[in-house]
Amino acid sequence: MRRSATSPLLSGLLTDKGRQRSVNQDAGLAVESLSGGLYAVADGMGGHAAGELAANLALDALGNTFLKGRKRPPERLAEAVQAANLEVMHHAVGEYVGMGTTLVALAIDKGAALLAHVGDSRAYLLRGGELTRLTEDHSWVAEQVRLGHLTEAEAREHQWRSVVSNALGGEERVRLELYGFALKQGDRLMLCSDGLSGVVEEHDLKAMLGWGLPPAITVQRLVDAANSLGGPDNVTAVVVDVDSQQPLPSYSLPPRQNDGPIYIDVLLGSRKGSSPLVYAALALVYFALMGALLFQEERTFILSVSAAVLIGVLLWMKWHSQRRLQQALPQALRLKKTSGPPKDQQDLN
């Protein structure tokens, strides 16, 4: 159980190798501060000790980058995920070639939560007795469920259930989902690896999270439940309780998108505010109006040309934005008609 002297948060973390694995390739993180906390779960992949190394490298880089950063928390979290990605990629040489890891990270800042994830480790929110899944898996079976080709029950038992379409360490620019939301007093959040969410049914997760036991005891119950069902995989759970209502921070929270994971540069670019073209367009409108007032006889011509140029700029901006987002769509969304997992998707087994 972790709690600072005046923290409004209470957390519990537990990771276990399960009943059928000899090595634990999961890792967890829980760090509290006076104004919030940082929590994460990583599920590593790779032969021998590679998965264990990948998961721990990722969480070390995530924590160091986020906690030492000076930017606003949304940008800091995104850059921390990218740092974790590069750390894994740079170590994936020699006997560690092909290693990688999933990541789900939760940063709490006063009354706001920021959630980032890569892969199929999950986040849940229990609020008012209702359990909500906060993440969508970046996996082959999840895409088949979204397309209606598999049910949730079928996906849970499918031979390719461990095949992910996105992970840290695979390429230089990470693809992630990141968004924020307001917290309420009494909220309970959980992060977990698929050794829990892929084994224990969601209605059982809801029941155990709703028992009201302290987080440290709750994570033990969750891990025990997965192991009682055979413990086929490593299992990790982090539970965080919000004990008091806190004010929202002054910055705007990034909204949740429905485009799946996008590249880090696209994500950060969308949060930098208006592009120079926006200011150029506003300047064009200003000078067009001034010109129309000063040169009455040329007013129609000036306004017509200015309107044409402005429309052209706006159309180009729309096309450019759509093109960038399309380039950043996850590979899984481009493979909707495949009957099996693509060759470049990784297996966490």
Could we say that ALA155 is crowded, with 20+ Cβ neighbours inside 10 Å, in the same structural domain as GLY28 (by TED's automatic domain parsing) and farther than 30 Å from LEU268 by Cα here? yes
Just one of (1) touching a Pro at 6+ places or on another chain (Cβ under 9 Å); (2) farther than 25 Å from ALA80 by Cα; (3) buried (at least 21 other Cβ atoms within 10 Å of the Cβ) trips up TRP160, so point out which. (3)
The number of residues in the stretch 130-150 that are within 22 Å of GLY230 (Cβ to Cβ), in contact with a helix residue (DSSP H, G or I) (Cβ under 7 Å, 6 or more places away or on another chain) and outside any helix (DSSP H, G or I) is 1
Looking at VAL81, is it in a helix (DSSP H, G or I) and within 18 Å of the chain's Cα centre (by Cα)? yes
Just give me the residues in the stretch 4-51 being free of Cβ contacts under 8 Å to residues at least 60 places away in the same chain and of a type in the set (D, E, K, R), in sequence order. GLU32
Hey, does the stretch 155-178 have a residue that's assigned to a helix (DSSP H, G or I) and touching a helix residue (DSSP H, G or I) at 6+ places or on another chain (Cβ under 9 Å)? yes
Would you mind listing the helices (runs of 4 or more DSSP H) fully within the stretch 194-244 where at least 2 residues are without any contact (Cβ under 8 Å) to a residue 24 or more places away in the chain and over 24 Å from THR101 (Cα atoms)? 202-209, 215-228
Residue count, the stretch 86-128 (criterion: more than 13 Å from the chain's Cα centre (by Cα) and either part of a loop (DSSP other than H, G, I, E, B) or more than 29 Å from GLU202 (Cα to Cα) (or both)): 17
If you check GLY186 against the conditions, is it on the phi > 0 side of the Ramachandran plot and touching a strand residue (DSSP E or B) at 6+ places or on another chain (Cβ under 8 Å)? yes
Is it the case that the stretch 215-223 has a residue that's crowded, with 20+ Cβ neighbours inside 10 Å, on the phi > 0 side of the Ramachandran plot and not polar (S, T, N, Q)? no
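The values are calculated or read from the model by the stated rules, or taken from the named source; none is laboratory data. Just so it is clear, the model here is predicted, and its values are computed rather than measured. All Cβ positions, even for glycine, are placed from backbone atoms using ideal geometry, and neighbour counts span all protein chains on display.
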